[in-house]
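The values are calculated or read from the model by the stated rules, or taken from the named source; none is laboratory data. All values reported here derive from a predicted model rather than from experimental measurement. For neighbour counting, all protein chains shown are included, and Cβ atoms are generated from backbone atoms with ideal geometry for every residue, glycine included.
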């Protein structure tokens with residue numbers, strides 16, 4: 001089944017974020033931005049924190065998160 005099939009329901013994926021890559025733990029079509037809650041299609045996922053294990057919708061939001069929370073998982 002693909003996203004163009006009738007009856008397709010988008011689902012949230014579970015991902016383990018790694019350096020320059022990620023591993024899909026539970027398949028899905030999107031993840032949520034940790035700051036905005038906006039769904040991010042998996043094929044558009046470019047920004048995340050390995051230490052905090054969270055995704056970000058874009059570079060501006062990722063930079064804000066790093067400024068606010070730092071790079072560590074504190």
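For segment 33-74, residues that are free of Cβ contacts under 8 Å to residues at least 24 places away in the same chain and in a strand (DSSP E or B) total 4.
Evaluate the following for residue 45: is it modelled with pLDDT of 95 or more and more than 11 Å from the chain's Cα centre (by Cα)? Answer is no for this residue. Scanning segment 1-32 for residues that are at pLDDT 95 or above, in contact with a strand residue (DSSP E or B) (Cβ under 7 Å, 6 or more places away or on another chain) and outside any strand (DSSP E or B) turns up 13, 28, 29.
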